[in-house]
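What follows is a set of notes on a single structure, which appears directly below.
The values are calculated or read from the model by the stated rules, or taken from the named source; none is laboratory data. Fair warning: this is a prediction, and the values are worked out from it, not measured in the lab. Neighbour counts run over all protein chains shown; Cβ positions are idealised from the backbone, glycine included. These accessible areas exclude ligands, DNA and RNA; they are computed on the full protein's heavy atoms, side chains included. Shrake-Rupley method; radii C 1.70, N 1.55, O 1.52, S 1.80 Å.
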Amino acid sequence: MTKVGIEKINFYSPDFYLDLAILAEKNQQNPSKYYNGLGQKSFCVASLDEDIVTMAVSAAKPMLNDADIAQIDTIILATETGIDQSKAAAIWVHKLLNLNPNCRAIEVKQACYSATFALQMASNYVKNHIDKKVLLIASDLSRYQQNTPAEATQGAAAVALLVSSQPNLAQIDDIAGIFTEDVMDFYRPNNCSTPIVDGKFSTQIYLKAVEKAYDHYQKQGGLAFNQFAQYCYHLPFTKMGQKAHEKIAKTTETEVDLTKVEKAMVYNRQIGNSYTASLYLSLCSAVDLRDDLAGQSLAMVSYGSGCVAEFFRLIISENYQENRPKIFNPQPFANRKALDFDNYNLFWNRIDNQADAIIPQQKSSGCRLHEIRNYQRQYQL
Ligand code: CAA
């Protein structure tokens with residue numbers, strides 16, 4: 001049986017961030033509610049010249065060499081904050097990365113879950129096309145209405161995964177537990193720039209859905225819960241992952257060992273919710289910060305509101321340390337710049353929904369959105 005999975009992985013998050021102590025002061029909350037209650041320290045804020053395309057390009061570009069580019073015949077962009085109702089953002093990314101014209105380009109959507117669907121489809125594809133590679137990028141800019149409880153859980157990031165028959169980072173196991181139910185916990189109608197969220201309900205549904213997905217995983221003969229060396233969760237805020245872990249541990253009568261979760265939360269605690277990218281950012285955090293995962297099983301727990309959940313296993317490769325994000329980006333947070341509340345406000349009020357706009361330069365380097373002409377986005381590398 002051909003082994004398939006993730007050959008390389010890299011992430012990108014915007015350079016600007018808001019410390020949650022600043023938001024707490026503005027919203028008259030105790031900072032401990034955000035730091036300890038939600039388990040978040042700060043969130044990344046996209047500048048006006050940053051969007052899901054610029055983040056996707058910035059995540060993928062450092063990890064791709066010419067040989068990869070020659071073999072990529074499919075690019076999938078997973079997002080729930082798309083920039084066009086018709087055209088796939090993957091096409092802009094395809095151009096900016098100078099990919100082969102003989103390549104499929106597509107965008108997928110199902111809230112925060114869609115990258116997991118794309119990863120499963122890509123793995124099945126490369127199983128039958130072992131000389132081809134799929135570039136999968138999850139990219140999202142999470143924004144909620146200001147002065148609401150959800151505001152503290154915003155964020156932005158992209159994670160790029162090269163899926164191939166050389167799973168040098170991690171092999172994907174065939175067994176997956178899945179669960180779908182029609183619920184309205186979080187949704188964004190076409191005319192809304194921010195989602196409508198029933199916050200408390202969404203946390204209950206998240207817990208139910210991941211438990212159901214785990215039950216399904218078990219019914220198919222998956223590993224027992226205590227057999228994993230590391231657990232990665234979709235992390236709208238890190239406390240959510242901890243609660244899910246404790247819940248599955250309780251129902252399976254497994255001792256709760258948070259040391260097997262903690263390293264997968266470090267990046268997300270700084271970056272905030274990155275929707276489709278969140279689970280894969282958690283994976284980046286775990287493989288970057290742990291040196292003892294070779295040959296170990298890692299649990300991936302995916303959730304997307306609406307809702308779909310999936311529980312699956314990655315088997316970490318012997319040489320994963322040569323293919324983890326810090327190889328491509330040794331100091332991912334080195335250039336971070338703290339925002340004050342006024343500048344956060346300026347960045348929050350995006351101008352990229354206009355027909356025509358000259359976008360001010362706020363990013364100091366890398367791919368940026370510089371102009372919109374007749375609704376057509378113009379990017380600079
Ligand atoms: N010190 C320490 N902790 C404190 C505190 C203090 N001073 N004050 C409050 N807390 C704790 C609370 O006890 C609570 O913890 P527990 O849940 O463990 O009891 C926590 O801080 C949050 O406080 P509240 O219960 O008062 O909740 P809130 O009104 O601030 O809302 C939220 C929290 C519902 C998560 C809100 O941030 C939200 O709506 N977020 C967006 C929706 C979301 O992320 N849902 C998650 C599941 S859906 C999903 O996963 C998809 C997705 O990505 C969106």
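Roughly how much of ASP182 is accessible, in Å² to the nearest 10, using a 1.4 Å probe?
Counting only protein heavy atoms, the figure is 130 Å².
Taking the solvent-accessible surface of protein heavy atoms with a 1.4 Å probe, what is the per residue accessible area of the chain in Å²?
On a per-residue basis, 41 Å².
Add -39500 (n - 2.57) for each DSSP H run of 4 or more in the chain, then divide by its residues: what number comes out at 222 nm, to the nearest 500 deg cm²/dmol?
Values: 12 runs with 114 residues, N = 381.
Helix-only estimate at 222 nm: -8500 deg cm²/dmol.
Using alpha-carbon positions, what is the distance between the centroids of region 105-169 and region 1-29, in Å?
Spelled out, the Cα-based centre of one part sits 14 Å from the other.
Gaussian network model of the chain, Cα springs within a sub-10 Å range: biggest mean-square fluctuation belongs to which of SER274, SER114, SER32?
In this elastic network of the chain, the residue with the biggest mean-square fluctuation among SER274, SER114, SER32 is SER32.
Given N residues in region 234-321, what is its alpha carbon radius of gyration divided by 2.2 N^0.38 Å?
1.06
Between THR252, THR79, THR203, where does the largest GNM mean-square fluctuation fall for the chain, given springs only between Cα atoms within less than 10 Å?
THR252
To the nearest Å, what is the center-to-center distance of region 209-247 and region 251-291, using C-alpha atoms only?
12
What's the carbon and sulfur percent of the chain's accessible surface, probe 1.4 angstrom, rounded to a whole number?
48
Can you tell which of ALA46, ILE76, ILE130 lies farthest toward the positive end of the dipole of region 5-134, using +1 and -1 charges on the Cβ of basic and acidic side chains (Lys, Arg; Asp, Glu)?
My answer, from the dipole projection, is ILE130.
Over all alpha-carbon pairs of the chain, lay out the pair-distance distribution in 10 Å bins, whole %, shortest bin first.
Pair shares across the bins are 5, 26, 36, 25, 8, 1.
Expressed as cubic angstrom per residue, what is the convex hull volume of the alpha carbon set of region 224-375?
Details: hull volume 24.0 nm³, N = 152.
Spelled out: Cα convex hull of region 224-375, divided by residues, is 158 Å³.
Take the Cα radius of gyration of region 33-177 and divide it by 2.2 N^0.38 Å, with N its residue count; two decimals is plenty.
With N residues counted in region 33-177, Rg over 2.2 N^0.38 Å equals 1.13.
Show me, bin by bin at 5 Å from 0, the whole-percent P(r) of region 50-134 based on Cα pairs.
So the P(r) values, bin by bin, are 3, 14, 25, 26, 21, 9, 2, 0.
Taking 25 Å as R0, compute the FRET efficiency from the Cβ-Cβ separation of ASP182 and THR252 and round it to 0.05.
Using R0 = 25 Å, I get an efficiency of 0.40.
Report the longest stretch of the chain that contains none of the GluC sites (Glu not before Pro) sitting in a DSSP loop with at most 14 other Cβ atoms within 10 Å.
1-180
Inverting the mean 1/r over all pairs of different Cα atoms, compute the Kirkwood radius of region 112-204 and quote it in Å.
In region 112-204 this quantity evaluates to 16.0 Å.
Considering the dipole of region 232-279 built from charges on the beta carbon (Lys and Arg +1, Asp and Glu -1) around the Cα centre, which of VAL256, TYR267, GLY241 is farthest to its positive end?
Looking along the dipole axis, the top candidate is TYR267.
In the Gaussian network model of the chain, springs joining C-alpha atoms below 10 Å, which of SER202, SER47, SER364 carries the largest mean-square fluctuation?
Highest fluctuation of the listed residues: SER364.
If the cut-off is 16 Å between C-alpha atoms, which lysines fall inside it for LYS87, apart from same-chain ones fewer than 8 positions away?
Partners within reach: LYS95, LYS109.
If I histogram all Cα-Cα distances within region 134-182 using bins 10 Å wide from 0, what percent of pairs lands in each bin?
18, 26, 35, 18, 3
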